[in-house]
Amino acid sequence: MKTWPVVLILLVVGCFWALPTEARRIHLSPEQKLQLEKAQTVLVEVLALTEKGAQDATPLTATVTERLEEIGYTTTTERSTPHDVEVKVKCEEQKTVIGTSPTGGDVELADAPDRLWKGPACLLTYFLQNRDLQWQKEIRTTFSDARQAAQKAGVEDVGQFALDRLNQRLKEYDFPVLLSAEWGQVDRLLTLLDASTTPKLRKVKILSVLSDLNAEEALPRLTKLLESTDLQQETINALSGAGADSIPLLIDLFQTSAKPNIKAEAAKTLGNVAATTGDPRTIPPLVQYVSARLPHIKTSDDIDFPVLTEVVWAIGKQRWDPSLHPIRELQKKVWLIFDTSQAMADLREAVSWTYKQLDLDGHLS
């Protein structure tokens, strides 16, 4: 009799674990996905608005085209020129549209339009064959009151001041990488990742978006990148995008690495893979880690908090019956140890959450 509520809860939890790229506003057909993956020529249209009306958008257009071209796209500003996809940018001194997305698909994602923001902002969207696919990213200035900020800077033309600051934000914001990820152009991202001229900050961004893509083809490049000493954590996180194929490598990293930060990141990524793939190989190594350390935990000094906390969170991402006993025992131990530190508070929170995920029969009855 308890089976159906358990299944229902697992389905609901699975919905919350959906990747950001799965929060699709409009369903794409296989043909549309293929068109976006092959998109090379981009039509760029930029609109600049102030309280005085439409303004010269040439500087903004130059920024958008230059940034797209620097990662290999061909751009045009002439609609009559054949193109594969259209990118539109609307920059305003005062944001006029303050509502959320019509279908709400992206409103909770990073850089989504903020319905409460009324200051200077640029809205980035793209169209495929004149169809708005409702991908929306918004960049904003650090100030909400353009007039006040312009006066403080000693600038009389408030509208131009706001547009100049928005142009600077367009130069900083890595929308070309986000568009490449949105269009499923994994090869372009991997080429950028390999390039010696690509700044570290952009590589970190690329690794971040790769973690959200189902990109099994990225696994060989990511495996090679693990040799890098300054991007290992970001690369391990990106391995979650390679799906089940990354599990053997992640388990090896978790079990053999002597670096706590690498071990913790590998555990976290195994949990993410467990949640998205349901592969049963992900959890046993994590449970083995907890079981092996339980007899030795007497005080806080016996706990490697960063690693154990990530391991416990990861174990809760997939229900595996043998996980319940060691988590139950760990829960007893962490509450018997007198420790008011934030690290212990974080571990207790992880243990409590994971125990509830595993003991579904117990807390449903």
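Can K200 be described as out of contact with any His (no Cβ under 9 Å at 6 or more places or on another chain), among the basic types (K, R), surrounded by fewer than 18 Cβ atoms within 10 Å (Cβ to Cβ) and over 30 Å from L250 (Cβ atoms)? Spell out the reasoning first.
Details: out of contact with any His (no Cβ under 9 Å at 6 or more places or on another chain): yes; among the basic types (K, R): yes; surrounded by fewer than 18 Cβ atoms within 10 Å (Cβ to Cβ): yes; over 30 Å from L250 (Cβ atoms): no.
Taking the combined requirement at face value, the residue does not satisfy it.
With the requirement that a residue be buried (at least 19 other Cβ atoms within 10 Å of the Cβ) and in a loop (DSSP other than H, G, I, E, B), what does segment 244-284 give you?
Hits for segment 244-284 are T282, I283.
Spot the failing condition for S228; the list is (1) small (G, A, S); (2) surrounded by fewer than 19 Cβ atoms within 10 Å (Cβ to Cβ); (3) part of a helix (DSSP H, G or I); (4) modelled with pLDDT under 80, and only one is missed.
(3)
Output the residues belonging to segment 56-76 that are touching a helix residue (DSSP H, G or I) at 6+ places or on another chain (Cβ under 6 Å) and outside any helix (DSSP H, G or I). It would help to see each step written out before you state the result.
Pass one, segment 56-76, residues touching a helix residue (DSSP H, G or I) at 6+ places or on another chain (Cβ under 6 Å): 59-60, 63, 67-68, 71, 75.
Correct list: I71, T75.
Would you please name the residue that is surrounded by the most Cβ atoms within 10 Å (Cβ to Cβ), looking only at residues in segment 285-297 that are touching a residue at least 24 places away in the same chain (Cβ under 8 Å) and of a type outside the set (G, A, S)? Reasoning before the result, please.
Going residue by residue through segment 285-297, those that are touching a residue at least 24 places away in the same chain (Cβ under 8 Å) are 285-287, 289-291, 294, 297.
Imposing the further condition that a residue be of a type outside the set (G, A, S) reduces the set to 285-287, 289-290, 294, 297.
Working: P285: 19, L286: 27, V287: 19, Y289: 22, V290: 20, L294: 15, I297: 18.
That would be L286.
Tell me which of these N167 doesn't satisfy, since it passes every other one: (1) at pLDDT below 95; (2) in a helix (DSSP H, G or I).
With respect to (1) at pLDDT below 95; (2) in a helix (DSSP H, G or I), N167 is out only on (1).
Tell me, which helices (runs of 4 or more DSSP H) wholly within segment 285-365 include 2 or more residues that are under 27 Å from the mean Cα position of the chain (by Cα)? Talk me through it step by step, then tell me what you get.
Details: elements: 305-315, 324-336, 342-358, 360-364.
In segment 285-365, 305-315, 342-358 are the helices (runs of 4 or more DSSP H) which contain 2 or more residues that are under 27 Å from the mean Cα position of the chain (by Cα).
The values are calculated or read from the model by the stated rules, or taken from the named source; none is laboratory data. It should be emphasised that the depicted structure is a prediction, and the values quoted were computed from it without experimental measurement. Quick reminder, even Gly has a Cβ in these numbers, built from the backbone with ideal geometry, and neighbours come from all protein chains shown.
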